[in-house]
1. Kindly list the number of the only condition in (1) more than 19 Å from Tyr41 (Cα to Cα); (2) at pLDDT below 85 that fails for Lys197.
2. Filter segment 480-496 down to the residues that are in a loop (DSSP other than H, G, I, E, B) and closer than 16 Å to Phe466 by Cβ and list them by number.
3. Any idea which of (1) crowded, with 18+ Cβ neighbours inside 10 Å; (2) closer than 27 Å to Lys135 by Cα is the one Leu84 doesn't satisfy?
4. Return the residue satisfying two criteria in turn: it lies in segment 535-545 and is surrounded by 18 or more Cβ atoms within 10 Å (Cβ to Cβ) and in a helix (DSSP H, G or I), and of such residues it is nearest to the chain's Cα centre (by Cα).
5. Looking at segment 626-651, which of its residues are in a helix (DSSP H, G or I) and either among the acidic types (Asp, Glu) or at pLDDT 90 or above (or both)?
6. Given the criteria outside the structural domain of Glu312 (by TED's automatic domain parsing), at pLDDT below 90, assigned to a strand (DSSP E or B) and among the aliphatic types (A, V, I, L, M), does Ala559 qualify?
7. Could we say that Ser664 is in contact with an Asp or Glu (Cβ under 7 Å, 6 or more places away or on another chain), outside any strand (DSSP E or B) and modelled with pLDDT of 80 or more here?
8. Scan segment 567-583 and tell me whether some residue there is at pLDDT below 85, farther than 28 Å from Glu166 by Cα and within 25 Å of the chain's Cα centre (by Cα).
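The values are calculated or read from the model by the stated rules, or taken from the named source; none is laboratory data. This is a predicted model, so every value here is computed, not measured. Note: ideal-geometry Cβ built from the backbone for every residue, glycine included; neighbour counts use all protein chains shown.
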Amino acid sequence: MNGERPDPDALLARVEREEQERKRGHLKIFFGAAAGVGKTYAMLLAAHEKRLKGIDVVVGLVETHERQETIAVLQGLDVLPPKLVQYRGTVQREFDLDRALKRHPSLILIDELAHSNAVGCRHPKRWQDIDELLKAGIDVYSTLNVQHLESLNDDVNQVTGVQVLETIPDTVFELADEIELIDLPPDDLLTRLKEGKVYIPQQAERALQNFFRKGNLIALRELSLRLTADRVDAQMLDYRDDNAIRDIWQVGECILVCIGVGPLAERLVRAGKRFATSLHAQWIVAYVETPKLQRLASEQRDSVLRVLRFAEYLGAETVTLSGLLISEEILNFAKNRNVTKIVLGKPGRRGWKLWLLGSVVDALISEAHNINIYLLGSPHGSKRDELSQPKSALKRKLTGLNYPKGEVKKRWLGVWGALGATACSCLIAWLMIGRFEAANIVMVYLLGVVFVAARLGREASIMTSFFSVLAFDFFFVKPVFTFSVADAQYLVTFVIMLLVGIVISHLTSNMRVQTKVAAHRERRASVLYALSEELAVSRTLPDTIKVATRHIQAEFGGANVLLFPMESGRIVYPLESPLPESLRGCDLGVAQWVFDHSQIAGQGTDTLPGASAVFFPMTGYRGGVGVLALLPANLRRVFLPEQRRLLETFINQIVQTIERVRLSEDAQQTQMQIEAETLRNSLLSAISHDLRTPLASIVG
């Protein structure tokens, strides 16, 4: 641990989260690759250990599946009677939630977290029962197989050929306080299955021929191990954040590829991909946008965007960082993400420039402790090609003719601003002659430099520094109205005045840029807050669509529409009348493809790029919800990494609201069905009673 303090905002947020968790019960999941690995057995053993420590432990519901070893270890524990629910002529044993809440033990054991409750229970899913227990402050032990996670449903189906119907949202697994992996090699599990320790012989024979093939078990075991490893990695990052640990821990490989503007960027991405594949490591591609890079032409910025999208296509996580120093931003990000290796291009500066200005590589090597730095050289001849540009191109580069029209106008505005500020400073200084010393007159010129730096940026303020030195020499240093200097000491004054002006220009301009970045981040936070606040009060699907459409149009500047499937799965336009922000006439065929494959497609992508809009899948924990069709005013507002993540956050918020609304509607329908069933039973009971009395008298 180093001496750095934790981030106060992050620490406060974590304290508030821990305070909420303190009032809530703790959930521990015994996690395994398949049935029979020993999850329930391990849970019961842990319960006995808690009981020996004097903790009030109750078994809410445990499925023994007639396994003798499980039945034996269940002995000695207090077991709640099950709730008997009649459904379609059968009696089903379910967990009695009300009895458990009334009993209110310190710890309760509930098997099979993904179980679906019978009709007539308070909640349709057992994980919802457990959530109510946790809110009541009761600790819960439960069991779960990897195939029951919603996000893995398609993968499990592809591997095993079995469609798992009972699933839980991934958030339930992610919010568990503790995950204990119960691991068993596939051969040992198959042996247990053949010995009848998992299922009865008839069921075991069918399981061996279908789900419990060795290849399936190996794949499921790998999934469970990977999920557990990800969980441990997240816990490690939380611990590092809590304790403000900035040193790199070499516990797992994470590669950071740093790109810039130029042809080397794609080579760096390809090299990073090969490197990450060879090490089976996570890899991240980062681009640092400094104030200088923000002034690049739109073509160069678009080239960076294309490289970032290319990196995403190869499977990388992409980020765009903003800051004044590239090396500082890279290093901070690497420490926050526990990066172990950094890949970047060799420094382009040579000779006196490298000695005077330094390079990003040198700064990283000197500061990046416990991080390995890998350099990729430029292809042979690239420097020669750059030097052999036509003279016309070199002239355009020197004169600024290759800048966009708006940039050229901005540069001329800076020149005139520098001249105007210098003229104003001269006028004020002229009025001060004879009343103030020369040092005070110098301060007037430096004030003009500060004003220009705050208003027009670094280049204009540096020009103001040069003009101010010349004006001071010409008007106020004897002999006046010439650039000659009678006293050689004034030469030192000129140099110091120029250096101070340049330093002030640099610092003020940096502060200006930081203010813009802070304002941009504040605006994004306020936009997300406004969206979430309006979605929180939405009670119907049309209200949700109106809020979502309006906010997407306001942030991303384009017409959009939310498309939903019919019962047959075919994507159609909503039946409600279109809003002013709605997109009309988009290609429903592309939308259908996006819905079926859960992949982005359309304009600006590599899939169906000829489409008139960009189509984004809207996926929730219950599967595909619909498709967002967006026609942005500028593709950069959608595909820049920050904007893309902002749009994904928008979509996640919208999907969660839609699912909440639909669950509420389903709950109302279920309640109506229960009430109708209750009324039907009461009616039948009354009729049977009325008929039974005369029939009894007739028979009697």
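1. Going through the list (1) more than 19 Å from Tyr41 (Cα to Cα); (2) at pLDDT below 85, Lys197 breaks only (1).
2. Phe483
3. Answer for Leu84: the failing condition is (1).
4. Only one residue fits best here, namely Leu535.
5. Within segment 626-651, Glu642, Glu648, Phe650, Ile651 qualify.
6. Considered against the rule, which asks whether it is outside the structural domain of Glu312 (by TED's automatic domain parsing), at pLDDT below 90, assigned to a strand (DSSP E or B) and among the aliphatic types (A, V, I, L, M), Ala559 comes out as yes.
7. Here the answer is no, as Ser664 does not meet what is asked.
8. No, segment 567-583 has no match at all.
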